[in-house]
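I have placed the structure first, in the form of structure tokens, so that the comments after it can refer back to it.
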Amino acid sequence: MKRILVFILIIFMAQGAWAQVQVDVPLPKSLRTVSSKENPDRKIKFQTGGNVGLQIGALMGLEIQPKIAIVPIEQLSIGITATYILRWNVPQKQVSNIFGFSPFVEGYLINRQLVLHVEYEFVNFPVREYYNGVELRKFRTSSHVVLVGAGYRKDLSEHSSISTIILLPVYQYNSDGVKYYGAWYTPIVRVGYNYHF
């Protein structure tokens, strides 16, 4: 487990160094808007960075998410994150590791300060079944979750910003059909750093 945590932290910290690389990708002609036809040198913008999330309750969770996205227009970001969650089951005094990935879409309104966020999160997590205090079985299952939320974004410089988002799980379904297990039960608060290039 320590190796996994160290590996994830190295990936998360390497995002900042990787973001310094400038990539110039011309926008395909079929996707150019009227303004981009006037300026044929327009490039697709990219965004990288990561989020740190927190879930508080009987099930507590610490979430780390490195991410990368394309920014086709200034008000929209489309990307994917890798997800690692370290979760504590407080009543049962158990710690578990959750892994997954999340494609997402973010919109930026009102001077790009209001963030609207929608994502589909696929996570794989362990489950332990008990009856009268006796553990019957333990296994891993996968959960499909749709998270929706809003938050605030603040520009730090021309190329970087931070954001805080509150997300709610509006839909959750497990691969094995057992509906009373889930990766998320309460709102999630995420703080993220973004580097735009």
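So how much slack lies between Asn124 and Arg140, counting 0.36 nm per residue of separation and subtracting their Cα-Cα distance, in nm? Present the calculation step by step, with values, prior to reporting the outcome.
On the way: separation 16, 0.36 × 16 = 5.76 nm, distance 0.67 nm.
5.1 nm is the gain from fully extending Asn124 to Arg140.
Give me the distance between the Cα centres of the range 50-74 and the range 141-172, rounded to whole Å.
Each part reduced to its Cα centre gives a spacing of 6 Å.
Tally Lys/Arg at +1 and Asp/Glu at -1 over every other residue whose Cβ is under 14 Å from the Cβ of Val148; what's the total? Could you put the intermediate results ahead of the total?
Values: positive: Arg190; negative: Glu106, Glu119, Glu121.
Net of charged neighbours comes to -2.
Select from the range 116-170 those GluC sites (Glu not before Pro) which occupy a DSSP coil region and have at most 15 other Cβ atoms within 10 Å, ordered by residue number.
Values: sites: Glu119, Glu121, Glu129, Glu135, Glu158; in loops: Glu158.
Within the range 116-170, the qualifying GluC sites (Glu not before Pro) (loop, at most 15 other Cβ atoms within 10 Å) are Glu158.
What number comes out for accessible area per residue over the range 56-197 if the probe is 1.4 Å? Units Å², please.
The answer is 52 Å² per residue.
The values are calculated or read from the model by the stated rules, or taken from the named source; none is laboratory data. All values derive from a computational prediction rather than experimental measurement. In this analysis, Cβ positions are derived from the backbone assuming ideal geometry, glycine residues included, and neighbour counts consider all displayed protein chains. Just the protein is used for accessible areas: all its heavy atoms, side chains included, with ligands, DNA and RNA removed. Shrake-Rupley method; radii C 1.70, N 1.55, O 1.52, S 1.80 Å.
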